[in-house]
Amino acid sequence: MSEIITYQCELRDGIHARPAGHIERLCNSFQADVRWKNKRTGVEGCAKSALSIVATDTLFNDVCDITLEGEDARHAATELAALLKKLPDYETAPQEESSGPSGYLPRSLRETQLSFIQGSRISGGVAIAKPVIIYSLTFDDLLARNPGNITAATQEKITLIDGLEALKGEKQLALEIKQGVEHDITQAHISIITDSAFQSAIGEYIENGENCWSAIIRAAMDFCDILNRSSSKYIKERTLDVLDITTQLLTTIYGTEALPQNSLELTHPSIILADSLTPSKFLGINKQWLAGMVLSSTGKTSHTAILARSLGIPTLTDIDFLRLALEPQRDIIIDGNPGILITAPDEQVLRYYRHEIAVQEKMQQQMLATVHQPAATCDGQRVEIAANIASLTEAEAAFRNGAEGVGLFRTEMSFMDRETPPDYPELAELYSRVMACADGKPVIFRTFDIGGDKPVDYLRIGEEENPFLGFRAVRTYPHYRELFAMQLKAILAASAVGNAKIMIPMIAHVDEVMWCREMLENVKQSMRAEGIPFDDAIALGVMLEVPSAIFAIPEIAEHADFFSVGSNDLTQYFFAADRGNSQVAMVYDNYAPSFLRAMRYAADEVHRAGKWIGICGELGASKDFLPLLTGMGFDELSMSGTAIPGVKHALRELDYAKCQQLAQQTVALKSSAEVKAALQTPDVKPASKKPILAPEFLLCGLEASDKNEVIKMMTDNLWLHHRTDNRDRLCDDIWAREDSFSTAVGYGFAIPHTKSDHIEYSTISMATLATPVTWGDQQVETVFMLTVSKSADPNEHMKYFSTLARKLMKEDFRNEIKHAENVTVLYNLMIQTLNI
Ligand code: PEP
Ligand code: MG
């Protein structure tokens, strides 16, 4: 029997390793032979091999003929067609750095007149360290190291199979302990090792007289040739993974001594420069000494790049370092934000970056110093700030960032991207490790939310006309009863060692809650019989994501202990606007007064029923919405771990009564535009404005070597005290004024000033300098800096400027400043002078 599917590729990145893996796994469950022919390239491959599919170079919009031949061809064609249709849902955008565009150099940096090499950012941050060059082994290097011994072809094949099995076993073991990105990479490597086309290509080389060593390399080179011919950058970047696996396979078979071990033993802070670095080489580096990396030919989506970002290691690409003259003993600098490499920094540039690293560390420490304090408004209204996690690694990072609990554990992530569901021991182990990490803080396990945009191959949910409105989350549980019961058991087992809670996604009717409650009681019953300990009083909560549930809160509350708004889904169902479809993004509108009324109604109803309510959708992390949600009375906000320090800080600046007023006013507004305006300039901070002058803005004996350093250090100080969110742009604004005329006013004083959008509260800063600096055509040893907010009284700026200028004419005042013994004396003098 034979069937043909004509398929037009709908994936923007083409059929790369991940979708090819889905296709390969499905096709290997058929008896039928499946051939994949790309009509544009004319290349045909076997659909039972991911590499072979990738090698057809199927790009966006390419048309392919897929021929299925064999007894189950018809059934196979139906299943494959359904999978191909679903492929776009599986795609996630490659992780990219998001902090500002490459190439913008702040004025303060340009003033150092540095020379630099422009590259591209893979991962942001600054590193200063000695260069360490790593020469990568190429396929040709590997071929040249062939040990030469050869046995009969059958024996060579046995050697190969043993090697493949051993390496696969090793990777599968690793899979159990790896999390997040490392887990995904290990999975990708397993699919190369088990790829049928890769294995048979090696076999063919062996039959043609090659030994195992060169057969492996030649088969890998053939695949890389094809990958390299692809016009997709993403696909080309997979060649590094093939090289990685080739090297590992050779080492598994021939032993570590068969290949020269690249010296990756770092002994001091180092910036590694390499053509490319395979993921396993990268993982083998001692991160204690790894300050940064320059990878000349690594793409932004290569697995090494993804790892570098997840570990926060400053990394650049698109730099041909082999042509650079580098001295091993001389520090080089990477600045990941503008994406530059500085190979011969002079003292001024080094000073700039040493200062920059110190400032960034101070800010980091400052945030971390308070993240572990409970979150509350300045007048004491508590709002629990919790984390959304999907893995143990994320839990660890979130608690380091001050999470007061886990508000949403997206447990379905451990059901996805695999061929069979997890079993009880795996889940029980994972959950109890998360509980240990939470150390008594609450952890809300959201039971698996599968379906919609989170399909799982092995559950074979089947094709649906409207997956988001279909067989999803709680709706699937009666069908996968055993799986649901097994997950409840694993959560209950974890509840014996901490504060676990259960939360059910996509509840639309009270009956669903009652069914889940009954299941929970049944599972408890059988655990009692088995003698497995658990928390009998474990809380069962409900996600508010389907609008009908909001109008059933009183009856649901009879069976549920708490509620959490899944605002991502609630918004989509409220407005009937697909959360992933940018064409309806205007309709999917959290600022709409109708949506805000629904949120407030939900909060009021839950409180009326005597229960608590949180938010675990993206809205929970929005600084715009923070005062509003606080004012509506939400008890908990759950968000990604990285957002926690900022949100806790912002919460501490709010006045609860004002937030309540804001909530009252915004729900009465009539348009999203009005709500947006109200949320962007809300009156929610305590009446007392921040003082224009405070002791922390008086810097005595500042060690600055020139005018640029003075301006940067004073601006950085404003950032460290939360007066500006964008110190680079504030610095640019101050310099813009300096460019039109120097602000040195004589007698050793300068008054740089600006009226800027980038200062939140008008501030007067002052610095006495350890040594005078040149300022225009004068020498300056004392600086007053006026940074006035655009929203301030237009006369404020001039008032202080002219008072200061007038006072500085007087010798007495100048002497008092010069001879002030400490900050307190200076501060009192300034308060008096400016009449503040
Ligand atoms: C939500 O819908 O807001 C939510 C938190 O769940 P998810 O994004 O996982 O669907
Ligand atoms: Mg949801």
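The values are calculated or read from the model by the stated rules, or taken from the named source; none is laboratory data. In this text, all values refer to a predicted model and were calculated from it rather than measured experimentally. For neighbour counting, all protein chains shown are included, and Cβ atoms are generated from backbone atoms with ideal geometry for every residue, glycine included.
Summary of computed values
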{"item": "Hits in the range 1-36 (condition: over 37 Å from the mean Cα position of the chain (by Cα) and of a type outside the set (A, V, I, L, M, F, W, C))", "result": "SER2, GLU3, THR6, GLN31, ASP33, ARG35"}
{"item": "Candidate set: the range 36-74, residues that are free of Cβ contacts under 8 Å to residues at least 40 places away in the same chain and surrounded by fewer than 20 Cβ atoms within 10 Å (Cβ to Cβ); chosen: the one nearest to ILE190 (Cα to Cα)", "result": "GLU44"}
{"item": "Residue list for the range 808-822, restricted to those being assigned to a helix (DSSP H, G or I) and closer than 20 Å to PRO772 by Cβ", "result": "LEU808, GLU811, PHE813, ARG814, ASN815, GLU816, ILE817, LYS818, HIS819"}
{"item": "Residue in the range 439-448 that is without any contact (Cβ under 8 Å) to a residue 12 or more places away in the chain and more than 24 Å from ALA81 (Cα to Cα) present", "result": "no"}
{"item": "Test result for THR420, at pLDDT below 95, buried (at least 21 other Cβ atoms within 10 Å of the Cβ) and among the polar types (S, T, N, Q)", "result": "no"}
{"item": "Residue count for the range 574-588, restricted to those that are crowded, with 17+ Cβ neighbours inside 10 Å and modelled with pLDDT of 95 or more", "result": "2"}
{"item": "Residue within the range 477-484 that is aromatic (Phe, Trp, Tyr), under 20 Å from ASP561 (Cα atoms), modelled with pLDDT of 95 or more and away from ligand 2 (no atom under 16 Å from the Cβ) present", "result": "yes"}
{"item": "Qualifying residues in the range 366-400 (those that are under 22 Å from ASN568 (Cβ atoms) and of a type in the set (D, E, K, R)) - the one modelled with the lowest pLDDT", "result": "GLU394"}
{"item": "Matching residues in the range 309-326 - criterion: being over 19 Å from SER136 (Cβ atoms) and at pLDDT 90 or above", "result": "PRO314"}
{"item": "Long-range neighbours under 9 Å by Cβ, at least six apart or interchain, first residue closer than 29 Å to MET586 by Cβ and assigned by TED's automatic domain parsing to the domain that holds ALA609 within the range 557-574, second near ligand 2 (Cβ under 10 Å from one of its atoms) and of a type in the set (Lys, Arg)", "result": "SER564/ARG446; GLY566/ARG446; ASN568/ARG579; ASP569/ARG579; THR571/ARG579; GLN572/ARG579"}
{"item": "From ALA403, ALA428, residue being farther than 23 Å from GLY620 by Cβ, of a type outside the set (Phe, Trp, Tyr) and either modelled with pLDDT of 95 or more or within 16 Å of ligand 1 (Cβ to nearest atom) (or both)", "result": "ALA428"}
{"item": "Spans of helices (runs of 4 or more DSSP H) in the range 171-247 with at least 2 residues more than 19 Å from ARG145 (Cβ to Cβ) and at pLDDT 80 or above", "result": "180-193, 196-207, 212-229"}
{"item": "Subset of the range 317-354 (residues that are within 12 Å of ILE128 (Cβ to Cβ) and of a type in the set (Phe, Trp, Tyr))", "result": "TYR352, TYR353"}
{"item": "Options GLY620, GLY614, GLY646; residue that is outside any helix (DSSP H, G or I) and either under 17 Å from the mean Cα position of the chain (by Cα) or within 16 Å of ligand 1 (Cβ to nearest atom) (or both)", "result": "GLY614"}
{"item": "Tally, over the range 662-702, of residues that are part of a loop (DSSP other than H, G, I, E, B) and at pLDDT 95 or above", "result": "4"}
{"item": "Among (1) more than 14 Å from ligand 2 (Cβ to nearest atom); (2) among the small types (Gly, Ala, Ser); (3) closer than 17 Å to MET506 by Cα, the one test that GLY566 misses", "result": "(1)"}
{"item": "Positions within the range 7-24 being surrounded by fewer than 18 Cβ atoms within 10 Å (Cβ to Cβ), closer than 21 Å to ASP65 by Cβ and at pLDDT below 85, in sequence order", "result": "none"}
{"item": "Unmet criterion (only one of (1) of a type in the set (D, E, K, R); (2) more than 16 Å from ligand 2 (Cβ to nearest atom); (3) surrounded by fewer than 21 Cβ atoms within 10 Å (Cβ to Cβ)) for ARG410", "result": "(2)"}
{"item": "Complete set of residues in the range 442-457 that are part of a strand (DSSP E or B) and more than 12 Å from ligand 2 (Cβ to nearest atom)", "result": "VAL443, ILE444, PHE445"}
{"item": "Test for ILE532: is it without any contact (Cβ under 8 Å) to a residue 60 or more places away in the chain, β-branched (Val, Ile, Thr) and over 17 Å from ALA603 (Cα atoms)", "result": "yes"}
{"item": "Residue in the range 342-362 that is surrounded by fewer than 15 Cβ atoms within 10 Å (Cβ to Cβ), polar (S, T, N, Q), away from ligand 1 (no atom under 16 Å from the Cβ) and closer than 30 Å to GLU709 by Cα present", "result": "yes"}
{"item": "Only one of PHE471, PHE484 that is in a loop (DSSP other than H, G, I, E, B), among the aromatic types (Phe, Trp, Tyr) and farther than 16 Å from ARG579 by Cβ", "result": "PHE471"}
{"item": "Which listed residue is without any contact (Cβ under 8 Å) to a residue 40 or more places away in the chain and assigned to a helix (DSSP H, G or I), from ALA395, ALA358", "result": "ALA358"}
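Quick grid of which residues meet (1) within 16 Å of ligand 2 (Cβ to nearest atom); (2) farther than 23 Å from VAL510 by Cα:
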residue	(1), (2)
ILE538	no, no
ILE553	no, no
GLU558	no, no
ALA577	yes, yes
GLN583	no, yes
MET599	yes, no
GLY614	yes, no
LEU619	yes, yes
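Matching residues to (1) surrounded by fewer than 21 Cβ atoms within 10 Å (Cβ to Cβ); (2) within 30 Å of ALA215 (Cα to Cα):
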residue: LYS236; (1), (2): yes, yes
residue: LEU250; (1), (2): no, yes
residue: TRP289; (1), (2): yes, no
residue: THR298; (1), (2): no, yes
residue: LEU316; (1), (2): no, no
residue: PRO328; (1), (2): yes, no
